[in-house]
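See structure below.
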Amino acid sequence: MRALLPWLLICATLSSCAPAGDGGVVSEGRRWFGSLTPPVGQVFRFNLGTEPELRDPGVMGGQPDGRFARMVFEGLTVNDARTLEPLPGQARAWTISPDGLVYTFHMRPGLVWSDGTPLTAHDFVWSWRRVLAPETAARNASLLYPIRGAEAFNKGESDGSDLGLAAPDDSTFVVTLGHPTAYFLFLTTYYVFMPVPRHVIERHGVRWTLPANLVGNGAFRWTFWRQNDRYEFVPSPTYWDRAHVRLERVIAYTVDDLNTSSNLYKSGATDWNPSGYIPSPWLAYMKPYADYRTDRYQGTYFYSFNTTRAPFDDVRVRRALMLAVDRETIARDLLKGSREPWGRITPAGYPGYEGPPQVGYDPERARALLAQAGYPEGRGFPRVSLLFNTSEDHRRIAEAIQAMWKRDLGITVELSNQEWGSYLQATQALRYDIARRSWIGDYLDPNTFLQMLMGGDGNNRTGWSDPRYDALLREAARTLEPAQRLRMLAEAEALALDAAVFLPIYHYSTTELVKPWVRGLHPTVLDVHPLRHVWIDHDWRRNLEARP
């Protein structure tokens, strides 16, 4: 039997292992968590999560930021609410050339920004060039690299004159790729591909995202903000599909405390408590409730090493720390079985993709590697810190791994907690030793995870690069035969796993609470939920069988 975690850690885990009070309400033959009083009218209330760092879709990078962007902005394509397949958005239709290189998008007639200014294909050309411009320093610029000339332009190696973006007229947007990209239409649903208002940015500069200045083109218009409290939205009267937006108002609270978020839902203050905002000790108790939903989805939770700092510039040290993490114990005992222990970078679920063997728990091998690196039984190992953003679950996992490394390797690791914005800045600037990270797939292909480890990618944040890895991903991108392409991606992932750049911990599952009157909010593998499809069913008791 594996050794138990230290007694203090077990006590900390159990101290909040159940929601306060029973919280159950029995109605319509089912048990629900908390209040069953719906909002008045078509008002939808939910927890946005941590206060968004940025409101500019071209440069943002966090999930709360993305939820904001998907309400206020819209790209060429939008996601199907159930399958996430790309559907017409700002583009009413498109054609693809036989060689898979030229995408011609035909814009909807009469598109306008929320201030009434016409929106044309030229706005997309300008917005995508802005993302790629080196001075913009967009974190997700590499997602546009399939476009001809995009990478060279983004890296300052060309002036962008050969960039594969053109608007021959106001209603036609032509994108020429450098190589076939099977998932390109999925990419165009992502927020970095959304247009931004040139006329507003040129007038206000960096202040264009302030409440008084921001102009969007999405289904909702931003109307109110109180920092660390809430955002409010109403349907945009200029949106092309306004007639089918049923909500009258959206209230998005910015609460990063998991207990507070779940208790807001219990009290009836919110209608949806999104995935990741239920304290993990509660999860075992939530399963009997009819409004609790869980499913596997495309996300992994891991730590990254700053490979530019000693001792993490030594692969033996990184491998030792990776092998000294008991993922099974974390998933089973700490997270109450709500997550699957996971030992590689990519998640499961990509058709035809096996991926390399997962790394496991091997403390003996870990101790041997640490000794080879010059730190037998941890002697002489410098004091280092583990950075995580504010969340009780992040802290509890960090405390567990801190205890494992002390027990199995004899090393001391300090914990460093920062709020979201400071944490992002620290990881981007490589001002950390070890950092909590996670990645949610942007599209349904393993490349969405492996791309972030390429040298110079804005989401790498490790200082690591390997020409062999980069070459494998580039060659895979040019390979038309699907099985061969996936073998190349698996080889690249094996290389990165051997380099121990990331320390994988668990595979995400969605765990959310949804009131029975909410319609149009479906579980999805990327945890993306287009709110323009959501509405409140005030006859929910009568129509309960219609609930997905």
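The values are calculated or read from the model by the stated rules, or taken from the named source; none is laboratory data. Computed from a predicted model, the values in this text were never measured in an experiment. FYI the Cβ positions are ideal-geometry reconstructions off the backbone, even for glycines, and counts take in every protein chain you see. All accessible areas refer to the heavy atoms of the entire protein, side chains included, with ligands and DNA or RNA removed. Shrake-Rupley method; radii C 1.70, N 1.55, O 1.52, S 1.80 Å.
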Accessible surface of the chain, 1.4 Å probe, proportion on carbon and sulfur as whole %: 51 percent
Per-bin percent of Cα-Cα distances, the stretch 57-205 [5 Å]: 2, 10, 19, 24, 23, 15, 6, 1, 0
Accessible-area value, K155, 1.4 Å probe, nucleic acids and ligands omitted, Å²: 90 Å²
Accessible area in the full protein assembly, largest first, 1.4 Å probe, for H507, H204, H529: H204, H529, H507
Stokes-Einstein translational diffusion, the chain - Kirkwood Rh over all Cα pairs, 0.692 mPa s, 37 °C, in µm²/s: 133 µm²/s
Convex hull of the stretch 273-412 built on C-alpha atoms - directionally averaged projected area, nm²: 9.8 nm²
For the chain, accessible area per residue (1.4 Å probe, heavy atoms of protein chains only), Å²: 38 Å²
Counted charge near D241, where neighbours are those whose Cβ lies closer than 10 Å (Asp, Glu -1; Lys, Arg +1): +2
DSSP beta bridge pairing in the chain, given as percent antiparallel to the nearest 5: 80 percent
Cα-based shape type of the stretch 183-258, given that a ≥ b ≥ c are square roots of the gyration tensor eigenvalues and the cut on a/c is 1.5: rounded
Under 12 Å, Cβ to Cβ, from G410 - net charge with Lys/Arg +1 and Asp/Glu -1: +2
Shape metrics for the stretch 369-450, restricted to C-alpha atoms - Rg then Dmax, Å: 15.2, 45
The stretch 129-278 - Rg and Dmax from Cα coordinates, angstrom: 19.4, 57
In Å, descending, principal axis extents of the Cα set of the stretch 146-233: 45, 29, 28
Hull-based mean projected area of the stretch 393-510, where the convex hull spans the alpha carbons, in square nanometres: 8.8 nm²
Karplus (6.51, -1.76, 1.60) ³J(HN,Hα), θ = phi - 60°, over the stretch 399-416, in Hz, Gly and Pro reported as x: 5, 5, 5, 4, 5, 5, 5, 5, 5, 8, 10, x, 10, 10, 10, 7, 9, 10
